[in-house]
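Reviewing the structure listed below.
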Amino acid sequence: MRIGALEAGGTKMVCAVGDEWGTITERIQIPTTTPEETIGAMTAWFRNQNIDALGIGCFGPIDLRRTSDTYGYITTTPKPGWAWCDMAGTFERELKVPVGFDTDVNASVLGEVTFGQAKGMQTVLYVTVGTGIGLGIYVNGMLHHGILHPEAGHVLLNVHPEDHWKCRCPYHPNCFEGLACGPAIEERWGKRAEELRDHPKVWQMEAYYIAQALMDYICILSPEKVILGGGVMKQQQLFPLIRSEVDRLMNSYLEVEQMHHLDAYIVPESLNGDQGILGCLRLGMMELER
């Protein structure tokens, strides 16, 4: 079986072909320019790959309601030219194969529960902290959808008492994404995250924000594992700080085994950056099974 996988990002599109066991045999990257140019290049490439199905993990917001007239569309994205772009439908028409479609972060959590460290678990969270902040939710053995899809980067947080910088979110004065995403770090401190590695105050403040959000997610969704990915989380010094802050905030409220082993509970991604593309493989397989 040959399954196509498309990790659709605002900067680049990663196209791959693999099998049901998670073995990637072909892969290319295509810059994200206009929909016509980018989708044209991707459909041309996949057309030559003889695939049986395609899975797409896409930047958003996107429409995941199968009864909707705009199912499979990117909807109100600020990315020029991409608002109301029919992603799933276009690939289905051009390639004549079933197309699975979900958010990029749901693809990532699906990759981890199918091929990675969360295999066999029923409720898992994947949080990406990078240019934006997103949450992939796999709950009771299924990807979570609702009226839209989780927009957990916009949960509201307490502002750090020493943080006098203005939240960069245009909608909320104190949301997770606006306070803790990669561009927020750069604007607040005047340097990119990778240039601030040896500045403890930067990471203590970042952990303060990430831990608040994780506590909310953990209390609401009761995940068996919390996986953190994205560009900011390449700063490995963050993990012990986040675990310590989660422990402080929980204050022994949840007396479960995971709270006593946070180093195995709040963890980095496990698939060498391929969790998204592997999740897209699984989305394609799921659509073929439907």
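If you take the residues of the range 1-12 that are touching a Phe, Trp or Tyr at 6+ places or on another chain (Cβ under 9 Å) and open to solvent by 10 Å² or more (accessible area, probe 1.4 Å), which of them is nearest to Gly116 (Cα to Cα)? For the range 1-12, the residue satisfying everything is Gly9. Within the range 202-221, does at least one residue satisfy the condition of being more than 30 Å from Gly100 (Cβ to Cβ), modelled with pLDDT under 95 and surrounded by fewer than 19 Cβ atoms within 10 Å (Cβ to Cβ)? Scanning the range 202-221 turns up no residue that is more than 30 Å from Gly100 (Cβ to Cβ), modelled with pLDDT under 95 and surrounded by fewer than 19 Cβ atoms within 10 Å (Cβ to Cβ).
Is there a residue being touching an Asp or Glu at 6+ places or on another chain (Cβ under 7 Å), crowded, with 19+ Cβ neighbours inside 10 Å and at positive phi anywhere in the range 58-76? First the steps, then the outcome.
Taking the range 58-76 first, the residues touching an Asp or Glu at 6+ places or on another chain (Cβ under 7 Å) are 58-59, 64, 70-73, 75.
Those still in the list that are crowded, with 19+ Cβ neighbours inside 10 Å too: 58-59, 64, 72-73.
From what's left, at positive phi: 72.
Yes, there is a match, as at least one residue in the range 58-76 is touching an Asp or Glu at 6+ places or on another chain (Cβ under 7 Å), crowded, with 19+ Cβ neighbours inside 10 Å and at positive phi.
For the range 35-53, how many residues meet the condition of being within 23 Å of the chain's Cα centre (by Cα) and open to solvent by 20 Å² or more (accessible area, probe 1.4 Å)? Talk me through it step by step, then tell me what you get.
Within the range 35-53, the first condition is being within 23 Å of the chain's Cα centre (by Cα), and the residues that meet it are 35, 38-39, 42, 53.
After this cut, where a residue has to be open to solvent by 20 Å² or more (accessible area, probe 1.4 Å) as well, the list is none.
Count: 0.
If we scan the range 143-152, do we find a residue that is at pLDDT below 95 and not in a loop (DSSP other than H, G, I, E, B)? The answer is yes, given that some residue of the range 143-152 is at pLDDT below 95 and not in a loop (DSSP other than H, G, I, E, B). Checking each residue in the range 214-259 for being touching a helix residue (DSSP H, G or I) at 6+ places or on another chain (Cβ under 9 Å) and part of a loop (DSSP other than H, G, I, E, B) picks out Pro223, Glu224, Gly230, Gln235, Gln237, Ser252, Tyr253, Leu254.
For the range 245-258, the criterion of being surrounded by 12 or more Cβ atoms within 10 Å (Cβ to Cβ), in contact with a Leu (Cβ under 8 Å, 6 or more places away or on another chain) and of a type outside the set (S, T, N, Q) is satisfied by at least one residue. For the range 126-167, a tally of residues being in contact with a Phe, Trp or Tyr (Cβ under 6 Å, 6 or more places away or on another chain) and within 23 Å of Ile62 (Cα to Cα) returns 4.
To keep it simple, each residue is scored yes or no on (1) farther than 25 Å from Thr128 by Cα; (2) open to solvent by 20 Å² or more (accessible area, probe 1.4 Å); (3) of a type in the set (Ser, Thr, Tyr).
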| site | (1), (2), (3) |
| --- | --- |
| Val14 | no, no, no |
| Thr23 | no, yes, yes |
| Arg27 | no, yes, no |
| Thr33 | no, yes, yes |
| Gly55 | no, no, no |
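Of the listed requirements (1) farther than 21 Å from Pro240 by Cβ; (2) modelled with pLDDT of 95 or more; (3) open to solvent by 40 Å² or more (accessible area, probe 1.4 Å), Arg168 misses just one: (2). Out of Gly100, Gly111, Gly153, one residue alone is closer than 20 Å to Met233 by Cβ, touching a helix residue (DSSP H, G or I) at 6+ places or on another chain (Cβ under 6 Å), of a type outside the set (Val, Ile, Thr) and touching a residue at least 40 places away in the same chain (Cβ under 8 Å). It is Gly111. In the list Arg197, Arg168, which residue meets the criterion of being in contact (Cβ under 8 Å) with a residue 24 or more places away in the chain, part of a loop (DSSP other than H, G, I, E, B) and basic (Lys, Arg)? The conditions single out Arg197.
For the range 242-290, a tally of residues being among the hydroxyl-bearing types (Ser, Thr, Tyr) and at pLDDT 95 or above returns 2.
The values are calculated or read from the model by the stated rules, or taken from the named source; none is laboratory data. Worth saying up front: this structure is predicted, and the values here are computed from it rather than measured. Cβ coordinates were reconstructed from backbone atoms using ideal geometry, including for glycine residues, and neighbour counts include every protein chain displayed. The accessibility values were calculated without ligands, DNA or RNA, using every heavy atom of the protein model including side chains. Shrake-Rupley method; radii C 1.70, N 1.55, O 1.52, S 1.80 Å.
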